[in-house]
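**Student:** Input: one structure, supplied below.
The values are calculated or read from the model by the stated rules, or taken from the named source; none is laboratory data. Given the structure is predicted, the values throughout are model-derived calculations rather than measurements. No Cβ is skipped: glycine too gets one built from the backbone with ideal geometry, and neighbour counts run over all protein chains shown.
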Amino acid sequence: MKLPRTLAVAVCAVCSLAAWAGESAAPSTPSAPSPTADPGVAARKKIMRERFLPYFMLGTTAPIEWFNETRDKNGAKWDFNQHYFSGGAQKGWDMVFYEPYNKWVNPDKVKGVWGDKILKSNIENNYIPWITMYNLAQSQPAEYKPGPAQATPRNAAVTSTMKAYWEQVRLIMKLCDKYKPAPIVIHVEPDEWGHMLLGGPHQGKNLDPLTVDCKVGSTGLEELKDLPDNLKGYSEAWFRMRALYAPYNVILATNPSAWDWQGSMSGSRWVKYFKECGADKWDLAVLEFGDRDLGCHGKGPPYTEADFVTRFKSYDKMLEWIKELHDGTGLWVVMWQVAVGNTYFSACNQTDGHYCDGIAQSLLEDYPKNPLVSRFANAGCLGFVFSPGQGMQTHVHDAKKDGITNPTPIPGNLGNTSEYADDDGGYMRLRAGSYYKQPYKIMGPVTETASAKPAAGGETNASPAKATLNVPAAAAPPPLPKVDAKDLAAYDAKLRAKLAATLKDGKKVNAFIKLFGAKDTAKEYGLAGVDDGGLKVNVQGNKMPVKWDGLALADRAMLAKGLLDLDEEDAEANLLAGFYFLADGQQDKGEQFLAKASAKDASAVQEARKALGLAK
């Protein structure tokens, strides 16, 4: 995750408690508590049950004025307002006082306490502040170079850096405690858990939280002096700082990474890592889709599920991962950094701040008939936070200050006209407003008998009401493509005719095929001719005949792909490529090509699906 500077709000690292409290001498530090001395456990369980689990929650990132406008005008009763708390742990006061960063802390040393105002304004308007704490990678000495994967493990091993870091954490907790019992989420270091695990001496093998070099006890801070210098100590330090300074309202969210979701970072492996680090003391787990809209990568619509469910390639696999983590740790998951871009409003036209994506539509379009929200909830997910990870991404509000935009729709965009200045055309405010008319029930509201009034300090002796989710059986797998000989012969004839016509027009067609059977390595060859019996392929200056029946389905798919290298918008070539990739079992690729073909010839695509046994 690369943090946009427009979102970054750095925090001073070595602020003393005296500076925060306005005292002339440093106050005494409480003795480090035992692992069980956390007075806020019951209060936080009550918050989780009463605020986080009645229904599936939504959040985003925007100014408070936009939140209130969309709530009052569109009925979008947002739950979370997300903000970055970042900039790195620096060494001293002389290095941290510059604008626009470090406005979170110390009213005596900066012009305005931005963080305090953000918390206050959100809580007063009944939104839950979501603080994404992202400081390790940007700290000294690495300062994010060459990237977070390398910077984070290096910085975590530096005693002076981590001393400043834990002083930051102390300060954050004291700030949040001012607003108890209102809940505040602190989302701890996205991506950096994975970077620390991968960056240790094991270099990505036999990942072990206990071997990660992360300075905690050796920093010399009184609160942490008995904790080990590893990832378990890092986790425990967060729990301890909360127990000392903000036990009643800070909800801590940890962030597993899923780069290798089928291997070292599977759901079951993260269950193991988190249990070794005290999973029961975290409140939430956070998983992200990616750090930018698909359009930011230059990929235009139409999109398939495999496009925007990037690493997992399907919601089925993503939901399996979430359920495995949820069942193994008991932690509810929140999807974060969910892209805002859409293909509904023409405002999303692949320009700066107006990029396309498909996640929001896949989740909210046609809700509640659309079952995706319920599938996430039943897997152990309690909400989505739509938030950009890059400054140039599509935002829900008018971040680009360009007003209402209704440009000529790009290909693949539905071209609807917007009446809002929001950079996404107003899609999120409208769909969220529709969603909140009937939000998806998880556990439902707490009854009077299931709730108790909090005692002094925000604590309650009441146990949270328990409810068992009705998790449906896994859906039947989709039918596998299957084509009979007659239909295959018909599409073979179409492909040969298309190839022959292209060559006759004087165009060159190249394709990566296995010329000598299944055990051969695919290589790029140029076509010299086509007839009913097969092909002629240029091989070292000779025209080698190749029988059509000797070509595998994958080879035929690549021949169609060769046509698309000449014209990627060719509907017939997209149709043929989609047909053969699906017939070969390469469903993600097949669906992608059929989606493009459907925009120009939906009936032909339906016929292809019918031939493959996939027609609905």
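**Student:** Can you confirm whether GLY194 is over 22 Å from ASN81 (Cα atoms), in the same structural domain as TYR234 (by TED's automatic domain parsing) and buried (at least 23 other Cβ atoms within 10 Å of the Cβ)? If you could, list the steps in order and put the result at the bottom.
**Tutor:** Details: over 22 Å from ASN81 (Cα atoms): yes; in the same structural domain as TYR234 (by TED's automatic domain parsing): yes; buried (at least 23 other Cβ atoms within 10 Å of the Cβ): yes.
For GLY194, the condition - over 22 Å from ASN81 (Cα atoms), in the same structural domain as TYR234 (by TED's automatic domain parsing) and buried (at least 23 other Cβ atoms within 10 Å of the Cβ) - is met.
**Student:** Further question: Among the residues of the stretch 268-285, is there at least one that is closer than 30 Å to PHE345 by Cβ and of a type outside the set (Phe, Trp, Tyr)? If you could, list the steps in order and put the result at the bottom.
**Tutor:** To start, the set of residues in the stretch 268-285 that are closer than 30 Å to PHE345 by Cβ comprises none.
No; the residues of the stretch 268-285 include none that is closer than 30 Å to PHE345 by Cβ and of a type outside the set (Phe, Trp, Tyr).
**Student:** Then there is this: Just name the residue that is farthest from the chain's Cα centre (by Cα) out of those in the stretch 387-409 that are among the hydroxyl-bearing types (Ser, Thr, Tyr) and crowded, with 17+ Cβ neighbours inside 10 Å. Steps first, answer last, please.
**Tutor:** The first filter runs over the stretch 387-409 and keeps only residues among the hydroxyl-bearing types (Ser, Thr, Tyr), leaving 387, 394, 405, 408.
Adding the requirement that they be crowded, with 17+ Cβ neighbours inside 10 Å leaves 387, 394, 405.
Values: SER387: 9, THR394: 15, THR405: 27 Å.
That would be THR405.
**Student:** Looking only at the stretch 583-594, decide whether some residue is loosely packed, with under 13 Cβ neighbours inside 10 Å and within 44 Å of the chain's Cα centre (by Cα). Show your work before the answer.
**Tutor:** First, pick out the residues of the stretch 583-594 that are loosely packed, with under 13 Cβ neighbours inside 10 Å: 585.
Still in the running and within 44 Å of the chain's Cα centre (by Cα): 585.
Within the stretch 583-594, one or more residues are loosely packed, with under 13 Cβ neighbours inside 10 Å and within 44 Å of the chain's Cα centre (by Cα).
**Student:** Is it true that some residue in the stretch 263-281 is assigned by TED's automatic domain parsing to the domain that holds GLY383, over 18 Å from the mean Cα position of the chain (by Cα) and β-branched (Val, Ile, Thr)? Give the derivation first.
**Tutor:** First, pick out the residues of the stretch 263-281 that are assigned by TED's automatic domain parsing to the domain that holds GLY383: 263-281.
From what's left, over 18 Å from the mean Cα position of the chain (by Cα): 263-264, 268-269, 271-281.
After this cut, where a residue has to be β-branched (Val, Ile, Thr) as well, the list is 271.
Yes, some residue in the stretch 263-281 is assigned by TED's automatic domain parsing to the domain that holds GLY383, over 18 Å from the mean Cα position of the chain (by Cα) and β-branched (Val, Ile, Thr).
**Student:** Can you give me the ranges of the helices (runs of 4 or more DSSP H) entirely in the stretch 1-97 with at least 1 residues that are at pLDDT 75 or above? Steps first, please.
**Tutor:** Values: elements: 17-21, 41-47, 64-74.
Hits in the stretch 1-97: 41-47, 64-74.
**Student:** Is it the case that ARG556 is under 15 Å from VAL509 (Cβ atoms) and either among the charged types (D, E, K, R) or in a helix (DSSP H, G or I) (or both)?
**Tutor:** yes
**Student:** If you go through the stretch 287-299 one residue at a time, do you hit one that is assigned to a helix (DSSP H, G or I), of a type outside the set (Phe, Trp, Tyr) and more than 28 Å from GLU591 (Cα to Cα)?
**Tutor:** Taking the stretch 287-299 and keeping what is assigned to a helix (DSSP H, G or I), we get 294-297.
When the remaining residues are screened for being of a type outside the set (Phe, Trp, Tyr), the result is 294-297.
If we keep only those that are more than 28 Å from GLU591 (Cα to Cα) too, we end up with none.
Taking every residue of the stretch 287-299 in turn, none turns out to be assigned to a helix (DSSP H, G or I), of a type outside the set (Phe, Trp, Tyr) and more than 28 Å from GLU591 (Cα to Cα).
**Student:** Residues in the stretch 331-371 that are free of Cβ contacts under 8 Å to residues at least 60 places away in the same chain, buried (at least 23 other Cβ atoms within 10 Å of the Cβ) and in a strand (DSSP E or B): how many?
**Tutor:** Summing the residues that are free of Cβ contacts under 8 Å to residues at least 60 places away in the same chain, buried (at least 23 other Cβ atoms within 10 Å of the Cβ) and in a strand (DSSP E or B) in the stretch 331-371 gives 1.
**Student:** Which pairs turn up if I take residues in the stretch 390-408 that are closer than 21 Å to GLU65 by Cα and look for partners that are among the basic types (Lys, Arg) and surrounded by fewer than 17 Cβ atoms within 10 Å (Cβ to Cβ) with beta carbon separation below 8 Å, at least 6 apart in sequence or on another chain?
**Tutor:** Listed pairs, sorted by first residue: GLY391/ARG5.
**Student:** Here's a follow-up. Out of (1) buried (at least 23 other Cβ atoms within 10 Å of the Cβ); (2) over 13 Å from the mean Cα position of the chain (by Cα); (3) within 18 Å of ALA285 (Cα to Cα), the odd one out for MET318 is which?
**Tutor:** (2)
**Student:** Residues in the stretch 268-280: is at least one touching a residue at least 24 places away in the same chain (Cβ under 8 Å), surrounded by 23 or more Cβ atoms within 10 Å (Cβ to Cβ), out of contact with any helix residue (DSSP H, G or I) (no Cβ under 6 Å at 6 or more places or on another chain) and not polar (S, T, N, Q)?
**Tutor:** Checking the stretch 268-280: not a single residue is touching a residue at least 24 places away in the same chain (Cβ under 8 Å), surrounded by 23 or more Cβ atoms within 10 Å (Cβ to Cβ), out of contact with any helix residue (DSSP H, G or I) (no Cβ under 6 Å at 6 or more places or on another chain) and not polar (S, T, N, Q).
**Student:** Go through the stretch 147-165 residue by residue and tally those that are over 15 Å from ASP191 (Cβ atoms), of a type in the set (A, V, I, L, M, F, W, C) and touching a residue at least 60 places away in the same chain (Cβ under 8 Å).
**Tutor:** So the count comes out to 2.
**Student:** Can you pull out every residue in the stretch 218-232 that is closer than 19 Å to GLU276 by Cβ and either touching a His at 6+ places or on another chain (Cβ under 9 Å) or in a loop (DSSP other than H, G, I, E, B) (or both)?
**Tutor:** Taking the stretch 218-232 and keeping what is closer than 19 Å to GLU276 by Cβ, we get 224, 226-232.
Within the stretch 218-232, ASP226, LEU227, PRO228, ASP229, ASN230 qualify.
The rows are residues; the columns are (1) in a loop (DSSP other than H, G, I, E, B); (2) surrounded by fewer than 22 Cβ atoms within 10 Å (Cβ to Cβ).
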position	(1), (2)
ALA528	no, yes
ASP567	yes, yes
VAL605	no, no
ARG609	no, yes
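**Student:** How about the stretch 500-526: which of its residues are part of a loop (DSSP other than H, G, I, E, B), out of contact with any helix residue (DSSP H, G or I) (no Cβ under 6 Å at 6 or more places or on another chain) and not charged (D, E, K, R)?
**Tutor:** Correct list: GLY506, LEU515, PHE516, GLY517, ALA518, THR521, ALA522.
**Student:** Quick one: count up the residues across the stretch 540-562 that are under 28 Å from PRO411 (Cα atoms) and under 35 Å from the mean Cα position of the chain (by Cα).
**Tutor:** Applying the first criterion (under 28 Å from PRO411 (Cα atoms)) to the stretch 540-562 yields 556-562.
Adding the requirement that they be under 35 Å from the mean Cα position of the chain (by Cα) leaves 557-558, 560-562.
The qualifying residues number 5.
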